[in-house]
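Colleague: Following this message is one structure expressed as structure tokens.
The values are calculated or read from the model by the stated rules, or taken from the named source; none is laboratory data. Source: prediction; values computed, not measured. Ideal geometry is used to build each Cβ from the backbone, glycine not excepted, and the neighbour counts take in all protein chains shown.
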């Protein structure tokens, strides 16, 4: 158990300075921009509660891992299913045992649509998305494999995922850069 003064000092000196980077991470990885402030507050409560038990040795890694886990939990509560999970279930034929024929057809159609969306991406962008999301390589591994900088991988991943999401939601799936690439607000979909 960590005493209150030590916990407060840790939070103010090590967690709070990470807020600008944390907000960029949340905005980049969460579709609804109006929920980002609430996500930040929920994360702060979770971090503070976890810090009561023991303070982490690497605060930055702890904060961003906790942020990632919070986004995953929120997505799961929202019944958002990842591409990898659908593909894994398809490979294991789990869908055959639990879903009716209509759901199987719908799932296969979604996978076909995803493949079409991937095929529409520019080659480098598609390669980054496949290596990161399907093959599970880290950003550093992808950068090394392709001979580009990690910032390039990050940008290509962002553009590719935005385009795929747009395509899956019925849009054109075109890569948009700059001001045109802003994530749509909840009412604009």
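Colleague: Would you say residue 15 is under 11 Å from residue 63 (Cα atoms), outside the structural domain of residue 162 (by TED's automatic domain parsing) and touching a helix residue (DSSP H, G or I) at 6+ places or on another chain (Cβ under 8 Å)?
Modeller: Here the answer is yes, as residue 15 does meet what is asked.
Colleague: Going through segment 133-148 one residue at a time, which ones are touching a residue at least 40 places away in the same chain (Cβ under 8 Å) and surrounded by 15 or more Cβ atoms within 10 Å (Cβ to Cβ)?
Modeller: Hit for segment 133-148 is 133, nothing else.
Colleague: Here's another thing I want to ask about it. Residues to consider are 80, 94; find the one that is within 17 Å of the chain's Cα centre (by Cα) and modelled with pLDDT under 85. First the steps, then the outcome.
Modeller: Details: 94 fails: within 17 Å of the chain's Cα centre (by Cα).
Going through 80, 94 in turn, the sole match is 80.
Colleague: Of all residues in segment 151-178, which are over 17 Å from residue 114 (Cβ atoms) and either crowded, with 19+ Cβ neighbours inside 10 Å or free of Cβ contacts under 8 Å to residues at least 60 places away in the same chain (or both)?
Modeller: Correct list: 151, 152, 153, 154, 155, 156, 176, 177, 178.
Colleague: Another question, then. In the set 130, 105, which member is loosely packed, with under 15 Cβ neighbours inside 10 Å and either modelled with pLDDT under 90 or not in a helix (DSSP H, G or I) (or both)?
Modeller: Among 130, 105, only 105 is loosely packed, with under 15 Cβ neighbours inside 10 Å and either modelled with pLDDT under 90 or not in a helix (DSSP H, G or I) (or both).
Colleague: Mind listing just one residue for me: the one in segment 26-39 that is assigned to a helix (DSSP H, G or I) and in contact with a helix residue (DSSP H, G or I) (Cβ under 6 Å, 6 or more places away or on another chain) and, of those, surrounded by the fewest Cβ atoms within 10 Å (Cβ to Cβ)?
Modeller: 27
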